[in-house]
Amino acid sequence: MLDALCSRSHGGNGLYGEKCISLLKDKYGFLSVFLTPSCTAAMEMGALLANLSAGDEVILPSYTFSSTANAIVLRGARPVFCDIDPNTMNINVELIEPLITERTRMIAPIDYAGIPCEMDAILEIARKRELMVMQDAAQSLHAYYKNRPSGALSPLAAFSFHESKNVSCGEGGALIVNQPDLVERAGFLQEKGTDRSLVLRGQKHKYSWVDIGSSFLLSDVLAAMLLAQLEAVELIMSKRSRITRAYQALFSPYEKRGCVRLPKPPAHTQINHHAFFVIFDSADNRQRFLSLTNVKDIHPYIGYVPLHSSPMGRKWGYRPEDVPVTEDIGQRIVRLPFYTDLADQGLDYCLIEMSAVIRQMYGF
């Protein structure tokens, strides 16, 4: 980062940005990578690139962050919420096709908690119906689906490098473009709708305004921070895997007794240990768990408020009962404390105190 600062070249697509792009392409096989200020910006850039417009519909899970829906709504399109698979909290692929209409233009699945969604089935539906797929892979860098990296299969995918993610530069993201005919235009959109990318490649002497776009660029200072994280990704994943194993061991006996439900990543996926969730047997027990752990200075949290039953979701005409599995689990799910350094300091305390809370709640 000091080298980037001293270079006086602090804008986007600089030296360290190019190093990050090369690493991501070489390691994960992405066709093209565009570093952005956030995953939110990457999703918005992807929606522009996909030519979403007023009247279009996009199918996505309700159990996701607002950015997934905002990228759609900002283009005038309508979010169509699909229910989830409770084993993964990802979109239930069996429910996608009944939601498709003549207005459907895109499917936007999310890889919740770093568990890859069922991309083969989603891409097959998209192929048959001639739909775009933009994968919200904010949480799934270095996760694998059938031995293929998350984000490498869909035409468009968006990653997050927010401070809450496994690999972080504070605020940052990336749009992955795997469809060759979209790559050049993606460069125009990233550079405020200009063809500056052609000038940088020596193909033109002057650049012009050629398209709509915005400043979808990551500062090279932040790219330098990101590069250090990317270079340490194996160490980061190793540390985080310890937390996953510890939480699995702690809660598995209570799952056998019917008190909780734990994540069930499919055998053909390899998770990246981004997060660990527990689904309690009732909303009341979730609240008891949150209250009792907070007293001990341990701070699990509820995850997302489902988008369909949020204030904006209601403005779009949705009711809680429209997406029933999401509505039910959204009231019972808890995300446990999860950050890389927890593996080295604090994990034992969390395990001891959460174990005591669970015993107090259920009496065994």
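Let's see how each residue does on (1) part of a loop (DSSP other than H, G, I, E, B); (2) surrounded by fewer than 19 Cβ atoms within 10 Å (Cβ to Cβ):
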{"site": "Tyr207", "(1), (2)": "yes, yes"}
{"site": "Glu234", "(1), (2)": "no, yes"}
{"site": "Val305", "(1), (2)": "yes, yes"}
{"site": "Gly313", "(1), (2)": "no, no"}
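Only one of the numbered conditions (1) modelled with pLDDT of 95 or more; (2) part of a helix (DSSP H, G or I) is not met by Glu321, and that is (1).
Residue by residue, here is whether (1) in the same structural domain as Met43 (by TED's automatic domain parsing); (2) crowded, with 23+ Cβ neighbours inside 10 Å; (3) within 22 Å of Tyr28 (Cβ to Cβ); (4) modelled with pLDDT of 95 or more holds:
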site: Glu171; (1), (2), (3), (4): yes, no, yes, yes
site: Val177; (1), (2), (3), (4): yes, yes, yes, yes
site: Asp195; (1), (2), (3), (4): yes, no, no, no
site: Gln203; (1), (2), (3), (4): yes, no, no, no
site: Ser215; (1), (2), (3), (4): yes, no, no, yes
site: Leu218; (1), (2), (3), (4): yes, yes, yes, yes
site: Val221; (1), (2), (3), (4): yes, no, no, yes
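The single residue among Leu60, Leu49, Leu23 that is farther than 24 Å from Ala113 by Cα and either at pLDDT 95 or above or assigned by TED's automatic domain parsing to the domain that holds Ile107 (or both) turns out to be Leu49. What do you reckon, is Asp26 of a type outside the set (Phe, Trp, Tyr) and either in contact with a strand residue (DSSP E or B) (Cβ under 6 Å, 6 or more places away or on another chain) or surrounded by 15 or more Cβ atoms within 10 Å (Cβ to Cβ) (or both)? Taking the combined requirement at face value, the residue does not satisfy it.
Restricted to strands (runs of 3 or more DSSP E) entirely inside the range 1-110, those with at least 3 residues that are more than 21 Å from Ile176 (Cβ to Cβ) and in contact with a helix residue (DSSP H, G or I) (Cβ under 6 Å, 6 or more places away or on another chain) are 78-82. Residues in the range 251-302 that are surrounded by fewer than 19 Cβ atoms within 10 Å (Cβ to Cβ), in contact (Cβ under 8 Å) with a residue 60 or more places away in the chain and either of a type in the set (Lys, Arg) or assigned to a helix (DSSP H, G or I) (or both): Arg257, Lys264, Asn285, Arg288, Leu292, Lys296. Scanning the range 156-168 for residues that are in a loop (DSSP other than H, G, I, E, B) and in contact with a Leu (Cβ under 7 Å, 6 or more places away or on another chain), we see that the one that is surrounded by the most Cβ atoms within 10 Å (Cβ to Cβ) is Phe161. The set of residues from the range 7-53 being free of Cβ contacts under 8 Å to residues at least 60 places away in the same chain and closer than 14 Å to Ala224 by Cα comprises Arg8, Glu18, Ile21, Ser22.
For Leu31, the requirement of being touching a strand residue (DSSP E or B) at 6+ places or on another chain (Cβ under 7 Å), of a type in the set (A, V, I, L, M), at pLDDT 95 or above and crowded, with 16+ Cβ neighbours inside 10 Å is not met. Would you say Asp344 is within 27 Å of the chain's Cα centre (by Cα), in the same structural domain as Glu255 (by TED's automatic domain parsing) and exposed (fewer than 15 other Cβ atoms within 10 Å of the Cβ)? Considered against the rule, which asks whether it is within 27 Å of the chain's Cα centre (by Cα), in the same structural domain as Glu255 (by TED's automatic domain parsing) and exposed (fewer than 15 other Cβ atoms within 10 Å of the Cβ), Asp344 comes out as yes. Look at (1) within 30 Å of Gly172 (Cα to Cα); (2) assigned to a loop (DSSP other than H, G, I, E, B) and you find that Tyr247 fails only one, number (2). Within the set Val183, Val199, the sole residue that is assigned to a helix (DSSP H, G or I), surrounded by fewer than 20 Cβ atoms within 10 Å (Cβ to Cβ), in the same structural domain as Pro61 (by TED's automatic domain parsing) and modelled with pLDDT of 95 or more turns out to be Val183.
The residue of the range 89-103 that is nearest to the chain's Cα centre (by Cα), among those that are surrounded by fewer than 22 Cβ atoms within 10 Å (Cβ to Cβ) and not hydrophobic (A, V, I, L, M, F, W, C), is Asn92.
The values are calculated or read from the model by the stated rules, or taken from the named source; none is laboratory data. Computed from a predicted model, the values in this text were never measured in an experiment. Neighbour counts run over all protein chains shown; Cβ positions are idealised from the backbone, glycine included.
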